[in-house]
Amino acid sequence: MERIIGIDYGRKRVGLAVSDPLGIFATPLDCTSGAKIIDYLKTYTSKEAVKLFVVGYPKNLDGTDSENLKFVEAFLKNLRKTFPDIQVVLEDERFTTTLAHRAMIDGGMKKSERRIKGNADKISAVLILQSYLDRQANISHRDENK
């Protein structure tokens, strides 16, 4: 079955998450550099069927565009060009970094492990992807109850 990839794009680091084959839950996949993300995804998609990329869309708390948006837009253009057959969906990523740090603390991650920045990026990608998956499940559930 096809999987869905969650992407928390940053110029330095990109956190990645992947759905289970049924599209119910997200798990951390990896963290790679912004410069290597397209090559990473090419390798991954050559081994696994991927039906969708869910990319975190950076907005400020007031809904205005964040500073990182121009870099995400450039990445999105490259992603769509490289993978024209895989749909790309944008997901609001506000609060994901804060929630990722809270999840690491609540999960009992040692302080030394929390300092590894790639860990927060992977968890942020999980939160982005899980938010999308949960919303899709709610939409499906509402449609079934009509």
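Observations
- Highest-first arrangement of 65-78, 12-25, where packing means the average Cβ count within 10 Å: 12-25, 65-78
- Here's how it looks for Y57: its modeled amide H is under 5 Å from those of E91, D92, E93, which are all 5 or more places away or on a different chain.
Only the coordinates and a few stated rules stand behind these numbers; no lab work does. Model, not experiment: these values are computed from the prediction. Don't worry about glycine lacking a Cβ; one is built from the backbone with ideal geometry, like all the others, and counts go over all protein chains shown.
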